[in-house]
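Written out below as structure tokens is the structure these notes cover.
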Amino acid sequence: MPLVEETTLPSDPPLTVPVVIIGNGPSGICLSYMLSGYRPYLCPEAVHPNPILLNKLEEGRHLSIPEQDLEYLSEGLEGRSANPVAVLFDSLLHPNADFGYDYPSVLQWKLEQDHYIPHLVLGKGPPGGAWHDMEGSMLTLSLGDWMELPGLKFKDWVLGKRRNLKTDRATPAEVASYYKQYVKVMGLQRNFIDNTYITSVTKPFREQDESGSHDNEDASSEPCIQKENDQSVLKKNWEIQGYQRAADDSHQSFCLFAETLVLATGTFDAPARLGVNGEDLPYVSHSVTEFESAVIKGKLNGIVDPILIVGAGLTAADAVLCAYNNKIPVIHAFRRRINDPSLIFKQLPKKLYPEYHKVYHMMCTQTYSTGSKLHPTYTSYPEHFVFSFNHDMECVLQSNSGLKKVLKVSMALVLIGSHPNLSFLKEMGRSLGHNPNQNITCKSNPVEIDPFTYEAIKEPNLFALGPLVGDNFIRFLKGGALAITRCLEIRQKTKRQDIVEASVNDSVS
């Protein structure tokens with residue numbers, strides 16, 4: 001039975017749910033799929049290119065993957081994630097993918113209803129999260145198959161949408177539509193509540209310590225009380241407050257409680273900022289979508305002064321391509337050297353990503369110092385950063401050597417990444433990170449987790465997955481869903497055993 005009626009949240013009395021997932025992007029969707037009872041097993045005909053891993057899997061062939069020792073299976077595996085379970089699960093779903101092979105998955109999925117764990121997935125928009133806000137015509141970085149979730153092949157799904165497949169990469173619009181449809185096809189709708197905005201997540205009351213005192217997170221908080229057998233008991237659940245927005249833009253407040261909280265918010269909510277003077281001026285934007293919208297509406301047609309694009313990542317490259325294809329003059333400023341080995345362009349195969357390598361070639365050859373006229377509408381400023389933005393549409397760039405240059409611009413785009421919005425947590429959730437004095441970021445300060453359960457080291461019953469723990473590629477976030485599912489199932493089994501033992505003891509006494 002659905003936990004709620006018609007995807008609305010009751011406000012009175014508060015609902016208590018075993019698991020609440022904040023974020024309905026691919027991380028939240030994948031976790032919902034597994035918590036709904038879908039379990040992976042080794043295929044009968046499985047052949048894995050790693051014989052050691054295959055032998056380990058054969059030892060537990062009769063068991064589902066969540067029932068096995070993930071630490072044992074992960075041992076010795078290497079991949080493009082720092083989280084061992086992420087590497088393990090990716091190796092099972094896409095064997096040797098990083099070496100260019102297209103081996104089939106060695107897993108088969110079975111729906112086992114008795115493993116269903118009641119949960120809710122809260123998201124600001126439809127299932128798919130930030131993918132619905134991305135530009136729909138550009139191609140994704142990952143291959144389409146790498147964007148897929150278990151049980152629904154992306155290539156099979158997209159064949160019903162396209163007349164032909166000219167590339168293995170997909171558009172963000174296709175990916176967003178796939179995730180939304182995935183929830184329906186897999187029968188997960190009852191777990192998803194759309195258009196919800198979280199304003200506060202707290203633990204109003206902590207467990208008693210040995211001295212009998214209470215470790216309150218907020219001394220002013222009232223203890224959360226739930227009636228059980230006509231007796232009041234202190235609750236240790238998470239209290240989640242927020243509102244749900246209706247079609248007429250009206251807001252309905254809600255409050256619910258969760259025994260376990262999972263953060264799956266991704267990292268696209270808050271654009272990273274330079275922190276320089278003038279960054280809030282009207283001509284400065286932090287959104288490539290705003291720029292693309294201005295281009296489509298013709299607002300930048302015939303401009304004399306160039307636009308400034310700041311950043312050396314793929315979003316900045318997308319903006320460069322958009323401007324270049326629309327004959328809009330560009331000044332491209334970035335801090336790194338053009339031969340910096342950490343530039344993302346150096347990690348992408350040229351054959352698969354020709355458009356990004358075109359941008360990288362322009363970054364290298366069309367610098368302000370070379371004066372090349374091969375691409376006269378584009379000029380790069382490597383090893384430069386923005387010193388300030390001025391009111392008269394002038395930007396001051398400064399080189400790493402200290403030299404400053406004043407440039408007249410029509411628009412400035414600051415595209416240097418983004419951060420998760422964890423404003424609903426105390427102090428933006430800083431205490432969860434490796435460095436508690438800094439905000440959570442996917443690269444420099446992810447949530448510190450147990451590598452085999454994904455539970456936060458510093459906060460029991462709080463889990464995180466996806467970009468929040470450093471897994472930016474969809475290929476790897478699925479491992480987080482596996483680890484969390486296994487951990488919660490073990491705890492659920494232990495809880496049932498404790499109840500049985502307590503019942504037996506009561507009957508004996």
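Ignoring ligands, DNA and RNA, what percent of the 1.4 Å accessible area of the stretch 271-421 is carbon and sulfur?
Accessible surface attributable to carbon and sulfur in the stretch 271-421 totals 53 percent.
Over the stretch 352-411, with the other protein chains present, what is the accessible area per residue in square angstrom, probe 1.4 angstrom?
Result: 50 Å² per residue.
So if we plug the beta-carbon distance of residue 184 and residue 437 into 1/(1 + (r/R0)^6) with R0 = 35 Å, what FRET efficiency do we get, rounded to 0.05?
E between residue 184 and residue 437, to the nearest 0.05, is 0.20.
Can you list the HN-Hα couplings for the stretch 301-312, worked out from phi with the Karplus curve (6.51, -1.76, 1.60; θ = phi - 60°), rounded to whole Hz and with x for Gly and Pro?
5, x, 5, 8, 7, x, 8, 9, 10, 10, x, 10
From zero outward in steps of 5 Å, how is the percent of C-alpha pairs of the stretch 26-97 spread across the bins?
Bin by bin from 0 Å, the calculated values are 3, 15, 26, 27, 19, 9, 1.
Distance in nm between label sites at residue 69 and residue 327, each 7 Å beyond Cα in the beta-carbon direction?
Once both label points are built, they end up 6.7 nm from each other.
R0 = 30 Å: FRET efficiency of residue 101 with residue 340, Cβ-based, nearest 0.05? Numbers along the way, then the final one.
Details: r = 29 Å, r/R0 = 0.98.
Calculated value: 0.55.
Could you order 406, 288, 304 by accessible surface area, starting with the largest, using a probe radius of 1.4 Å?
These residues rank, largest area first, as 304, 406, 288.
For residue 248 and residue 348, compute 0.36 nm times the residue count separating them, minus their Cα-Cα distance, and round to one decimal in nm.
That pair, residue 248 and residue 348, stretches by 31.5 nm at full extension.
Could you calculate the contour length gain from residue 62 to residue 399, that is, 0.36 nm times the residue separation minus the distance between their Cα atoms, to one decimal place in nm?
115.1 nm
Multiply the residue gap between residue 297 and residue 153 by 0.36 nm, knock off their C-alpha separation, and tell me the result in nm, one decimal place.
My answer for the length gained is 48.2 nm.
At what distance in nm do the modelled label points of residue 277 and residue 54 sit from each other, each positioned 7 Å from its Cα along Cα→Cβ?
6.6
For the stretch 291-396, what is the relative contact order in percent, using Cα pairs closer than 8 Å and at least 6 residues apart in sequence? The partial results should precede the final answer.
On the way: 135 pairs, mean separation 27.7, N = 106.
Value for the stretch 291-396: 26 percent.
So, by mean Cβ neighbours within 10 angstrom, what's the order for 384-397, 32-45 with the highest one leading?
32-45, 384-397
Please give the net charge around residue 86, taking every other residue with its beta carbon less than 11 angstrom from that of residue 86, where Lys and Arg add +1 and Asp and Glu add -1.
For residues surrounding residue 86, the net value is +1.
Can you check what the Kirkwood hydrodynamic radius comes to for the stretch 435-485, Cα pairs only, in Å to one decimal? Working shown, then result.
Values: mean 1/r = 0.0914 Å⁻¹.
Final number for the Kirkwood radius of the stretch 435-485 is 10.9 Å.
Mind ranking 113-126, 254-267 by how tightly packed they are, going by the mean number of other C-beta atoms within 10 angstrom, highest first?
My ranking of the peptides, most packed first, is 254-267, 113-126.
Using a 7 Å offset from the Cα along the Cα-to-Cβ direction at both residue 289 and residue 495, what is the distance between the two label points in nm, to one decimal?
Once both label points are built, they end up 3.6 nm from each other.
Using +1 at the Cβ of each Lys and Arg and -1 at the Cβ of each Asp and Glu in the stretch 32-77, identify which of 46, 76, 35 lies farthest towards the dipole's positive end.
Comparing the listed Cα positions along the dipole, 35 ranks first.
The values are calculated or read from the model by the stated rules, or taken from the named source; none is laboratory data. The model shown is predicted, which means the values in this text are computed figures rather than measured ones. Methodologically, a virtual Cβ is constructed for each residue, glycine included, from the backbone with ideal geometry; neighbour enumeration extends over all protein chains shown. To get the accessible areas, we keep the full protein, side chains included, count just its heavy atoms, and leave off ligands, DNA and RNA. Shrake-Rupley method; radii C 1.70, N 1.55, O 1.52, S 1.80 Å.
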